[in-house]
Ligand code: HEM
């Protein structure tokens, strides 16, 4: 199929088209076609939900399991992301109890980190930033490592692991033999790394999240060693591989809409609706997965028990039945119930943190870069289809202004 999408293509072909690397910069025209059938069966027997209403219903349906893995993929222990109640709820409670209090009051610290990252470029006039490598990646990584108690020197090792592991989220038929092999190796390395980290960690002395989970204040007691390792791995990967795309996709949207960039420079209140609109218009997590525990009647069809279901969050966010002008980037839209953080019982635990990081980073970029321009539009994209975002985002500027607040 060429990049022109024709109506007569089957949903399976359209979906494959959207996933193909050459369409990574803009899968949205294929999603638009897929939206004509909000729930549809694919050639491999699995189901694809693309409509906002249908995805929202499925995310909240107790007859749906979060376990999206094939029987041959099943790990020794699933993370809370793939677990169902009651185990999901116990694990989630143990994490939120430790996570939420630690992220409260973090905005000043995030702000200071952003200032520090940008200040590294003050001597360049005119200069160039790679917004991914210089800001969007190091910011959330530093924050999550600090929160969890992961030593900064381990970051390099962990970063490469996270990258290989998240490629494993993409449909298997889009991965090469080499990538599949690398994935297995990365999984083994992750287990070894996390076990070492937990063993080295002083459970009694530290006040970080890992220490909190090890000491286990929750009603269900401390997590056992395997749950601890699996949960830590989930949080570290989520902290590494998602917010980076939110900041990069947000920068891209801002630089493509100079009027909004100019507004954000003087109106910090724009940051909140702006980031929500990025989460709708160009979401960092494009898709999620589920399986059916019973026959489910939806959108005039029946998803049979046992089926695997893909929820295309990014197409739901562009559903014209739900949003007016879905393909326009409009932070001022009054109603923005996007699916960027999922929904229902698996709604993203890191949403507040990710929002804060993106709001602060985008506001700082708008304020401090004099005449920023994209050096490449579209920028080169990462291989990943599900955790989708630019690989690099080179931005040129005339000057890097001092922080106007004198910080
Ligand atoms: C822009 C950044 C982020 C986006 C777009 C995002 C998106 C999502 C989405 C869509 C889900 C639901 C998945 C599903 O239903 O299958 C989810 C769940 C989750 N996210 Fe995030 N996430 C982000 C950042 C973070 C961060 C920074 C953390 C923590 C460090 C985090 C931790 C989690 C966890 C633990 C879950 C599983 C919750 C559950 O199963 O109950 N996320 N995230």
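What the Kirkwood sum gives for the chain is a hydrodynamic radius of 22.1 Å, with every pair of different alpha carbons counted. When each of the peptides 58-71, 171-184 is scored by how many other beta carbons lie within 10 Å of its residues on average, the order from highest to lowest is 58-71, 171-184.
Think of it as helices only: each DSSP H run of n ≥ 4 in the chain is worth -39500 (n - 2.57), and spread over all residues that comes to -14000 deg cm²/dmol at 222 nm. Taking label positions 7 Å along the Cα-Cβ direction at both residue 374 and residue 337, the computed distance is 3.1 nm, reported to one decimal.
Distance between the modelled labels on residue 108 and residue 188, one decimal in nanometres: 4.8 nm (7 Å Cα→Cβ projection). By other beta-carbon atoms within 10 Å, ranking 100, 76 with the fewest at the front produces 76, 100. Using only alpha carbon pairs under 8 Å that are at least six residues apart, calculate the relative contact order of the chain and give it in whole percent. The value is 26 percent. A convex hull fitted around the alpha carbon atoms of the range 336-376 yields 112 Å³ per residue. Can you give me the C-alpha center-to-center distance between the range 46-92 and the range 350-407, rounded to a whole angstrom? Centre-to-centre distance over Cα atoms comes out at 32 Å.
Rounded to 0.05, the FRET efficiency of the residue 224 and residue 398 pair, given R0 = 51 Å and the Cβ-Cβ distance, is 0.35. Sorted on the mean count of surrounding Cβ atoms within 10 Å across their residues, most packed first, peptides 279-291, 237-249, 82-94 read 237-249, 279-291, 82-94. When only alpha carbons are used to place a centre, the range 168-193 and the range 323-345 end up 33 Å from one another.
Read-outs: derived from the displayed coordinates by stated rules, not from any lab. Quick caveat, the model's predicted, so the values are computed rather than measured. Ideal geometry is used to build each Cβ from the backbone, glycine not excepted, and the neighbour counts take in all protein chains shown.
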